[in-house]
Amino acid sequence: MGIASDNQEFISDLQGYLNDRYQAKLQEDGHAGRLTRAAAGRFLPGFGDQIKAAPLALGADQAGVIILPGRTNNAAIDTRSAGQIETILPQVQPLAVELILKARAAGIEIKIISGTRTYAEQNALYARATNGKDDDQDGRIDEADERVTKARGGYSNHNFGIAFDIGIFEGERYLPESKLYAQVVRIAKSLGLECGADWKSFPDEPHFQLRPPWARAISEAAMLAEFRARVAAGKSLF
Ligand SMILES: [Zn+2]
């Protein structure tokens, strides 16, 4: 398969995505014409220009979600984010992509720095001591050395594919604290994401999640219990 046909596949994926999510009513012909570019620009800020400027460099993932691996400029998704986005549920992936694109349109560069963790990974994170020592021996004591969760395996939304954490970046520099997080929270709310910033007991500003429809009106604890039961029964999570 040549580059051109890859691109055509991507464009028709994109058209399908815009149709499914935004009722864009595009013909899914794989051709990035005026209507497709206009719809992409309208619903995915920054994307329309990218299609026009670099049509042959784009790629798509298998789930119809727009992920542009290996590209860090303009409307592309960086590889770190793309890798994390792949770990979350297909229903949540487009929202993570859109959060990146909409934040970028507002002048804020974010990356998805954490997605789904297995129970074992969650337990390892939970077991990490809060001791002020350079546990990972990278020469600095930072957030990577401290316990970052109060949840054991099976008790975090990150274990079920509905949650992701972002980091704000200035160039390559990660900004653990910034007033811009509040702005990203506002954008996330406009996309219908639930924000850790709103949690009463332990607000978690960089955390976002999407509840499955069956969990809209129940408590967090009840949702987690149902998730554990569904995992144990091999049932669908969303
Ligand atoms: Zn989180």
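We did not get these values from a lab; they are worked out from the coordinates using the rules stated. Quick caveat: nothing in here was measured; it's all calculated off a predicted structure. Methodologically, a virtual Cβ is constructed for each residue, glycine included, from the backbone with ideal geometry; neighbour enumeration extends over all protein chains shown.
A few notes on this one:
- Neighbourhood charge, 11 Å Cβ-Cβ cut-off, centred on Glu98 and excluding it, Lys, Arg +1 and Asp, Glu -1: +3
- Cα gyration tensor, the range 104-238 - rounded (a/c under 1.5), prolate or oblate: oblate
- Cross-link partners of Lys200 among lysines (Cα-Cα below 30 Å; sequence separation of 8 or more within a chain): Lys102, Lys111, Lys133, Lys150, Lys179, Lys189
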